[in-house]
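The values are calculated or read from the model by the stated rules, or taken from the named source; none is laboratory data. Here the structure is a predicted model, which is why all the values come from computation and not from measurement. In this analysis, Cβ positions are derived from the backbone assuming ideal geometry, glycine residues included, and neighbour counts consider all displayed protein chains.
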Amino acid sequence: MPAYRCRYLRQSVTLTGLGSPTFASALQAVKFIYNCFDHQFKEGTLEPWTENDTGDGMVESIDLSNRYLTPATEARGMGDVQFLPGVDPKGILRGLAQGDRTCSYIHSEDNHIQYFSIHRESEGPRRCV
């Protein structure tokens, strides 16, 4: 892959509340916050809000994504952090970050994602891991 295309590598997740009123309310709050930010940026500079279409129009969801790498020219003052073993087990992303003579990248704290799951031992309390 050409080094200049590394800027488009992303990880993403789609969240849905499966019709939950609480999720719908939270999603409305996110849209409100987006609109507040939208008024603060020059027109066309903030990525437009797009509605998710699940096909049935009944289930609301939101797509979230984050870049694996940031171009070094946009990362002034950011430190390079290691990929978690499960994210880059073969070192491919780390190799891509080296770039070529035209561009290089870093995996900064802004690119770093933490994953949590809830575990429950028999009848014990739930805990996030």
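Checking LEU96, LEU46, LEU84, LEU18 one by one, the residue that is part of a loop (DSSP other than H, G, I, E, B), in contact with a helix residue (DSSP H, G or I) (Cβ under 7 Å, 6 or more places away or on another chain) and hydrophobic (A, V, I, L, M, F, W, C) is LEU46 and no other. Looking at region 100-120, which of its residues are among the polar types (S, T, N, Q) and either out of contact with any helix residue (DSSP H, G or I) (no Cβ under 7 Å at 6 or more places or on another chain) or not in a loop (DSSP other than H, G, I, E, B) (or both)? Matches in region 100-120: SER108, ASN111, GLN114, SER117.
The residue of region 57-105 that is surrounded by the most Cβ atoms within 10 Å (Cβ to Cβ), among those that are within 19 Å of the chain's Cα centre (by Cα) and of a type in the set (S, T, N, Q), is THR70. Which is at pLDDT below 85, hydroxyl-bearing (Ser, Thr, Tyr) and within 16 Å of the chain's Cα centre (by Cα), of THR16, THR50, THR54? One residue alone meets the criteria, THR50.
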